[in-house]
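This report concerns only the one structure given below.
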Amino acid sequence: MLHFRPERASHLIREQISWILLREMEIPGVLITVTDVDVQKDLGRAIVHISFLPFEKSEASIIAIRKRAPYFQHLLAEKMNIRPMPFLVFEIDPGPENAARVEKILSEDDTKE
């Protein structure tokens, strides 16, 4: 049995879940990006942070992903030899949307001068 530190598990899960979402989730007109994965010290839970473009479709997209979470958990367990396999929790990462909003505000200020 292999034992992983949370940081190593986080990196591996992010890599694998990105590929799984790319292959398994087709939401027309939506770009899905795994921005981060936070794994608890006991490896009991992994919070997968996801950003969506356009951000307006985030709520509907995260609902679709959460519905398929058990399936993604199964695929991840097949690909990785982590014991215990962390329970996946999918959350929206508003960071890219916030950055875009700030950039837009700053560009509007530049045009006013």
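The values are calculated or read from the model by the stated rules, or taken from the named source; none is laboratory data. Since the structure is predicted, the reported quantities are computational estimates derived from the model, not experimental observations. SASA here: full protein model, heavy atoms, side chains in, ligands and nucleic acids out. Shrake-Rupley method; radii C 1.70, N 1.55, O 1.52, S 1.80 Å.
Here are a few things to note about the model shown:
- Taking all protein chains into account, the per residue accessible area for the stretch 1-70 stands at 63 Å² (1.4 Å probe).
- Taking the 1.4 Å solvent-accessible surface of the stretch 16-66 as the whole, the part contributed by carbon and sulfur is 57%.
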